[in-house]
1. Looking at (1) surrounded by 24 or more Cβ atoms within 10 Å (Cβ to Cβ); (2) in contact (Cβ under 8 Å) with a residue 40 or more places away in the chain, which one does Ala121 not meet, given that it meets all the others?
2. Leu300: closer than 19 Å to Glu175 by Cβ, in a strand (DSSP E or B), under 27 Å from the mean Cα position of the chain (by Cα) and at pLDDT 95 or above, yes or no?
3. Of everything in the stretch 140-171, what is among the charged types (D, E, K, R) and surrounded by fewer than 23 Cβ atoms within 10 Å (Cβ to Cβ)? Give them in sequence order.
4. For the list (1) over 22 Å from Glu383 (Cβ atoms); (2) free of Cβ contacts under 8 Å to residues at least 60 places away in the same chain, I need the number of the one condition that Asn284 fails.
5. Which condition number does Thr138 fail, the rest of (1) in contact with a Ser or Thr (Cβ under 7 Å, 6 or more places away or on another chain); (2) over 24 Å from Gly467 (Cβ atoms) being met?
6. I want to confirm something. Restricting to the stretch 232-265 and keeping residues that are aliphatic (A, V, I, L, M) and part of a loop (DSSP other than H, G, I, E, B), which single residue is surrounded by the most Cβ atoms within 10 Å (Cβ to Cβ)?
7. Return the residue satisfying two criteria in turn: it lies in the stretch 409-436 and is under 17 Å from Ala121 (Cβ atoms) and over 13 Å from the mean Cα position of the chain (by Cα), and of such residues it is surrounded by the most Cβ atoms within 10 Å (Cβ to Cβ).
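The values are calculated or read from the model by the stated rules, or taken from the named source; none is laboratory data. Here the structure is a predicted model, which is why all the values come from computation and not from measurement. Please note: Cβ atoms are built from the backbone with ideal geometry, for glycine as well, and neighbour counts cover all protein chains shown.
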Amino acid sequence: MKNKTRRNFIKKSSLFSTGLFIIPRNVLGGNGYVPPSDQLNIGAIGIGGKGQDIMGSWAKNERVIALCDVDPENSVNGVTSSRKYYPNANFYEDFREMLDNEKDLDAVTVTTPDHTHAVIASNAMKKGLHVYVQKPLTHNIKEARILTKLAKENKVVTQMGNQGGSCSGILKIQEWIDKKLIGKISKINVWTDRPVWPQGFKMKRSSQEKPKNLNWDLWLGPANYTDYTTELHPFNWRGWWEYGTGALGDMGCHLLDAPFKTLNLGYPTDVECSVATVFEKAWNHNYVPEGCPSSSIVTLHFDETSKNKSKVELVWMDGGLRPSHPDVIPAEDFLGEEYSRNGVLMIGEKGVISCGTYGINPKLYQKGEKTVSFTTDFSGSEESMLDFIHHKKWIDACKKGYNSNEYKNLSASFEYAGPFTEAVLMGNLAIRSYMLIGTKKPKYSSNTVHVSEHDNYIGRKKLLWDGASMKITNFDLANQFVGRVSRPGWDI
């Protein structure tokens, strides 16, 4: 209400007691001019790396009044570039100070490591601010459930940064499915060539000096304290459960969006997985429960929906694994993207729909019919153009307000992105359960952290999921991975 009052005051400020005072638009600023009353006051939290999105053309007609980053002088990661681009914006290291001090903010973007998404977004929404949060929405399932609830309670406009949700390719896939062109769909294969950072090995802890201006305690946020290491910052945190969500969290929200959205999938009914083993010493494989595996296969099952009258088995593969060719797809065709690096196969009674990351360039393969290709043609790269569209739709919805038509047309508001993220992160719950060892004492070989192949892995089973209660019903130890215990002072 505070933000609405501010904008209404500006709009009414041209009404004087002597009557209506009209200023011609060309006097105000000519073609393309956006009056102050139609501009959002935006704060950006995390302005290096992907956070440099704040310099995108989607923000050029708004007012970026505050910037925040825990590493204020990082020129390699682009923080200093963002600061130079907005020299008049107030700068902060601590997002909490920014949210407390910037009373005129309307909205914030959150582009930080996965483990801090939820605490930042929740603080912003409680202050009535609209939020745009990069994928995955949260670090774990419980956080996603909380953010979904907070967005509704505070009636704020939200968007998760899986820009593929705004790709025309997904609309084409939806059209093909609604027309029943491949019939009922019972199997979905999704895969990625990620990770592209170290996984499956023990973290190396050589003596390393923290960058002078990096506020390491703020970077850690809700995670347990640990000394600075380049094995975490600035990039490799993605492979460690305390901070990242692995290959599934990194690419799942981009690749799984097409089947989830077009089939209206809900919570999975169960999940199971298998992961690769890495041997650095004969007969003893690496045991790294604090880190993500080098590759994995996750299987989820879903009940039938209004869009698809069949139960569905969805198989996710990462680390370079991919499915084989369905019979209907010619042997020489790539699966998904060029060289089959990433992709989606939706397998139905009468054919297969294939697409790449973001839902780009979908293909329709029907038995006995000519292949139908749909090219998602953008000026510039697919990602940069989709970033603009995805952000701009959020901006437009912020200006119209919660529950407006613009809001309802968002492709990744938390109403959708929250439950979607929960389902995506079910795979990580299964992977972490897969590494649990029972009461039998592990057998460690001398001077290593390798585990004998005879150890008692008690979580290697199909896990049954009660989505409404947010609980595994047949293996209680797995429920420790539904949420997390945060450091004092960092609770949502």
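1. (2)
2. Answer is no for this residue.
3. Lys142, Arg145, Lys149, Lys152, Glu153, Lys155
4. (2)
5. Against the list (1) in contact with a Ser or Thr (Cβ under 7 Å, 6 or more places away or on another chain); (2) over 24 Å from Gly467 (Cβ atoms), Thr138 comes up short only on (2).
6. Leu256
7. It comes out as Leu410.
Yes/no matrix, rows are residues, columns are (1) under 22 Å from Lys127 (Cα atoms); (2) at pLDDT 95 or above; (3) out of contact with any His (no Cβ under 9 Å at 6 or more places or on another chain):
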position	(1), (2), (3)
Lys2	yes, no, yes
Phe9	yes, no, yes
Ser14	no, no, yes
Trp58	no, yes, no
Arg83	no, yes, yes
Glu93	yes, yes, yes
